[in-house]
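Undergrad: Have a look at this one.
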Amino acid sequence: MQVPAYVEYEKATSVGHALALLARFGPEARILAGGHSLIPMMKLRLVQPETLIDINGLSELSYIDVAGGELRIGALTRHAELLDSAVAGERFAILHDAERVIADPVVRNWGTIGGSLCQADPSEDLSGTFAALKASMIIRGPGGSRTVPAREFHTGPYETVVAPGEMLTEISIVIRPGCGSAYEKVGRRVGDWPIAAAAAAVWLNGAGGPGAGGPGGPGGVRIAEAGLGLTAVGARNFAAAEAEEFLRGAPAGEETFAEAGRIAAENCNPVSDQRGPADYKRHLASELTVRALRRAVRRAATPRGTR
Ligand SMILES: Cc1cc2nc3c(=O)[nH]c(=O)nc-3n(C[C@H](O)[C@H](O)[C@H](O)COP(=O)(O)OP(=O)(O)OC[C@H]3O[C@@H](n4cnc5c(N)ncnc54)[C@H](O)[C@@H]3O)c2cc1C
């Protein structure tokens, strides 16, 4: 039987209280959100915190709303809540794509968005998703709040910029017109972590305009800007920056998608493991980038509500 080591337990009643508890118990304290990652790691004695600070009662960290031109997601929002959120899916369909393939209903019902990001597993589906959306992470500590781009949030496997005494409180995404987004994942079986996955967000020039002719059509719809994320293939910052650069101003068609996929695959660094050999993962990085781009462009070119 796997049993965690002895640990103290504190229940936070507000974000301020959680921060005070983090300050009081020091770097050996850990925040407990859904516990889906932390508790198994404690059972395996991979981590042995001295104190758990339970934030599950903090309703002030559980919300999804639109304010100030941004979609804001509280760190304690459960996966299932994001999957159910009409406002999130309508603005960024990629969030529903990704949530639909994360784990199973049991994990999604209690696992949190903040916990997933702070766990910083290299195979975490939301890391590539938020990298593609160029989201921002709001972190609170004793000195107040600071905002960090999603692409600077992870500093390595299982490491983030959240310092002892701080906590992640919110993820925000700027809403700009003309966005389409999509997530494509291949796993070994339903509910498993990805072998590889790709995330795409695109903003089009000329979509639906006079003579546009649809994506890749003769009217010449072009990609004004793109965000590309890659998960589980050793991409720097979970992003495919070189492919994004190539996409800026390119025609929104199959040749462009194929070249972006090729560039994305060339610039990632997958390793062979129990999920598959590196060359297979590199192939997936290319193919899934193409599929995600194709779907994102189609969504960007289609009026909201009919996607
Ligand atoms: C069977 C299973 C299958 C899974 N499959 C997938 C999958 O397919 N794809 C995928 O992406 N994920 C998958 N997961 C991971 C799952 O989504 C995450 O484990 C889970 O959601 C983590 O969130 P949590 O709320 O449970 O975090 P916890 O386990 O409570 O915490 C994780 C870490 O984050 C820290 N933390 C939590 N919240 C904060 C905060 N607000 N500020 C600072 N630090 C914080 C904790 O201290 C801890 O170090 C799977 C998990 C399981 C158990």
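Undergrad: Carbon and sulfur atoms: what percent of the 1.4 Å accessible area of the chain do they account for?
TA: Within the chain, the accessible surface is 52 percent carbon and sulfur.
Undergrad: Moving to a separate point now. Any idea what the alpha-carbon Rg over 2.2 N^0.38 Å comes to for segment 222-304?
TA: The value comes to 1.09.
Undergrad: Would you please state which residues of segment 113-139 a label at N205 would reach in this model, taking the label point 7 Å out along Cα→Cβ and a backbone N cut-off of under 20 Å?
TA: Counting only backbone N, you get no residues.
Undergrad: Test of understanding: extend the Cα→C-beta vector of E159 to 7 Å, then name every residue of segment 118-153 with backbone N under 15 Å from that spot.
TA: Within reach of a label on E159, which here means backbone N under 15 Å from a point 7 Å along Cα→Cβ, segment 118-153 contributes 119-122, 152-153.
Undergrad: If you don't mind, another one. From the protein chains alone at 1.4 Å, what is the descending order of accessible area for W193, W110, largest first?
TA: On the way: W193 95, W110 120 Å².
The ordering from most to least exposed comes out as W110, W193.
Undergrad: Counting each pair of different Cα atoms once, what's the Kirkwood radius of the chain in Å, rounded to one decimal?
TA: 19.9
Undergrad: I would also like to ask the following. To one decimal place, what Kirkwood hydrodynamic radius in Å is obtained for segment 129-271 from all pairs of distinct Cα atoms?
TA: Computed over Cα pairs of segment 129-271, the Kirkwood hydrodynamic radius comes out at 16.6 Å.
Undergrad: Which residues among segment 98-133 fall inside the zone where the amide N is under 18 Å from a point 7 Å beyond the Cα of A278, along Cα→Cβ?
TA: Residues 122-123 fall inside that zone.
Undergrad: Which value, in Å² and to the nearest 10, is the accessible area of R275 when all protein chains are kept and the probe is 1.4 Å?
TA: Here the accessible area works out near 40 Å².
Undergrad: Separate question: Accessible area per residue for segment 2-88 in Å², computed with a 1.4 Å probe and the full protein assembly in place, what is it?
TA: 48
Undergrad: Let me ask something else. Tell me, what is the Rg over Rh of segment 117-207, with Rh the Kirkwood radius over Cα pairs? Don't jump to the answer; show the numbers that get you there.
TA: Working: Rg = 15.0 Å, Rh = 14.6 Å.
Reported Rg/Rh, Kirkwood definition of Rh: 1.03.
Undergrad: How big is the Rg/Rh ratio for segment 50-98, C-alpha atoms only, Rh by Kirkwood, two decimals?
TA: Ratio value, two decimals: 1.07.
Undergrad: On a 1.4 Å probe surface of the protein chains, which of Y158, Y183 comes out largest in accessible area, and what is the full order? Walk me through the intermediate numbers first.
TA: Numbers: Y158 120, Y183 10 Å².
Greatest to least solvent exposure: Y158, Y183.
Undergrad: Compare the Cα positions of A258, A224, N237 along the charge dipole of segment 219-275 (+1 at Cβ of Lys, Arg; -1 at Cβ of Asp, Glu; about the Cα centre) and return the one farthest towards the positive end.
TA: Among A258, A224, N237, the one farthest towards the positive end of the dipole of segment 219-275 is N237.
Undergrad: Over segment 1-112, with a single point scatterer placed on each C-alpha, what log10 of the ratio I(q)/I(0) does the Debye formula yield at q = 0.19, 0.23, 0.24 1/Å?
TA: The calculated log intensity ratios at q = 0.19, 0.23, 0.24 Å⁻¹ are -1.02, -1.19, -1.23.
Undergrad: Antiparallel versus total DSSP beta bridges in the chain: what percent is that, nearest 5? Walk me through the numbers before you get to the answer.
TA: Numbers: 44 of 52 bridges.
The antiparallel proportion sits near 85 percent.
Undergrad: Related question: Roll a 1.4 Å probe over the protein heavy atoms and report the accessible area of D84 in Å², nearest 10.
TA: Around 130 Å² of this residue is reachable by solvent.
Undergrad: Across segment 87-95, in residue order, what do the Karplus-derived ³J(HN,Hα) couplings come to in whole Hz, using 6.51 cos²θ - 1.76 cosθ + 1.60 with θ = phi - 60° and x for Gly and Pro?
TA: Values per residue, Gly and Pro as x: 5, 5, x, 5, 6, 9, 4, 4, 5 Hz.
Undergrad: In deg cm²/dmol, rounded to 500, what helix-only [θ] at 222 nm does the chain give when every DSSP H run of at least 4 residues adds -39500 (n - 2.57) and the total is split over its residues?
TA: -9500 deg cm²/dmol
Undergrad: Okay, next question. Rounded to the nearest 0.05, what FRET efficiency is calculated for Y9 and V190 with R0 set to 30 Å and r the Cβ-Cβ distance?
TA: 0.30
The values are calculated or read from the model by the stated rules, or taken from the named source; none is laboratory data. Everything numeric in this text was worked out from a predicted model, so none of it was measured. Cβ atoms come from the backbone with ideal geometry, glycine included; neighbour counts cover every protein chain shown. Each accessible area value is taken on the protein alone, full model and side chains, heavy atoms only, with ligands, DNA and RNA left out. Shrake-Rupley method; radii C 1.70, N 1.55, O 1.52, S 1.80 Å.
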